[in-house]
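Heads up, the thing below is written out as structure tokens.
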Amino acid sequence: MVVEKSENKKVQQHIEEIMLFSDEKYHILRRLRKIVFSAHPKAQERMMYGGIMFSLENDFGGIFVAKNHISFEFSNGARMNDPVGLLEGKGEFRRHLKIRTLADIVDKKVDFFVKQAARETDDAPLSPSSTKIFFVKGELKVFPVDNPWYYVAVPPSYTKMTRHLAERGLVAVTVSINQMSWNTSLMPMGDGTQFIPIPAKIRKNMKLKDSVELSFTLRKR
């Protein structure tokens, strides 16, 4: 598969800006995008946090251009198979590869990791003891009632995985956004899917407005 021009205007503008100031970084970026779309032809890309974020049902990784290298970030890298220790980072979830040359793309086995990157979108039912972490994005919405509830709908695939774990219709989860985490429950929507309530404390601390897009991690507890 040959991937040249992005369908996303902001991504394409970013690529063209890289091309203007660094020919080497442009060719690295071009090769990395080709690897992503060869492994995941249905992946979508958008600009986020100053880089190119890739997603299927959920975000699974991104490319970020730094002064001396290009970083390929893997959202769920801590759970990926890394037999010779190529991935960098010590956080709870994320890992990355620093790419400085075209040769690094092969030497650091970018293709091997990219093929793994979207596996968390698998919709097999979760076991009760599962510690699997999911990366979810969605729009902050409001239930139009007297005392409005703010919420984010979760992907239908996650509902399929957790439906059998519900107690009285609720699935206990831990949600993390940036440095904030809290325990809550997935709640049922009228159409059979689920949503996550976003508490007033979180909205206030993050200065969230209606319709903003949120990215967060979700784990059964």
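Assorted remarks:
- Annotation for LYS98 and GLU17: the two label points, set 7 Å from Cα along the Cα-Cβ direction, are 2.3 nm apart.
- Over segment 133-220, Cα pairs under 8 Å with separation of 6+ residues give a relative contact order of 41 percent.
- For ALA117, distant residues with modelled amide H under 5 Å away: none
- Potential extension, ASP107-MET189 segment - 0.36 nm per residue separation minus Cα distance: 24.8 nm
- Point-to-point label distance, GLU88-LYS5, nm (Cα→Cβ direction, 7 Å offset): 3.5 nm
- Modelled FRET efficiency - R0 35 Å, ASN147 with SER181, Cβ distances, 0.05 increments: 0.90
- Put simply, when 160-171, 63-74 are sorted by average Cβ atoms within 10 angstrom per residue, most first, you get 63-74, 160-171.
- When peptides 20-32, 180-192 are ranked by their average number of other Cβ atoms within 10 Å per residue, the highest-first order is 20-32, 180-192.
- If you take all other residues with their beta carbon under 13 Å from the beta carbon of LEU86, and give Lys and Arg +1 and Asp and Glu -1, the sum is -1.
- Centre separation in Å (Cα based) which lies between segment 57-85 and segment 195-219: 24 Å
- Amide H partners (placed H, <5 Å) of VAL171, local residues excluded: LEU186
- In a reduced charge model with +1 at each Lys and Arg Cβ and -1 at each Asp and Glu Cβ, segment 1-120 shows a dipole moment near 60 debye about its Cα centre.
- In this structure the amide hydrogen of PHE60, modeled in the peptide plane, comes within under 5 Å of the amide hydrogens of PHE54, SER55, none closer than 5 places in sequence on its chain.
- Dipole moment magnitude, nearest 20 debye, the chain about Cα centre, only Lys, Arg, Asp, Glu C-beta charged: 420 debye
- A crude spin-label estimate for the pair GLU139 and ASN68, with each label 7 Å from Cα along the Cβ direction, gives 4.3 nm.
- Mean separation of Cα contacts under 8 Å (6+ apart) over length of the chain, as relative contact order %: 15 percent
- Ordering VAL136, GLN13, VAL106 by the projection of their Cα atoms onto the charge dipole of the chain, which places +1 on the Cβ of Lys and Arg and -1 on the Cβ of Asp and Glu, puts VAL136 at the extreme positive end.
- Under 22 Å from LYS98, Cα to Cα: lysines that are on another chain or at least 8 residues apart: LYS25, LYS34, LYS67, LYS90, LYS108, LYS109, LYS115
- Proximal lysine pairs, segment 133-220, alpha carbons under 18 Å, eight or more residues apart or interchain: 10
No lab work stands behind these numbers, since they all come straight from the coordinates. A quick note: this is a predicted structure, and the numbers were derived from the prediction, not measured. For neighbour counting, all protein chains shown are included, and Cβ atoms are generated from backbone atoms with ideal geometry for every residue, glycine included.
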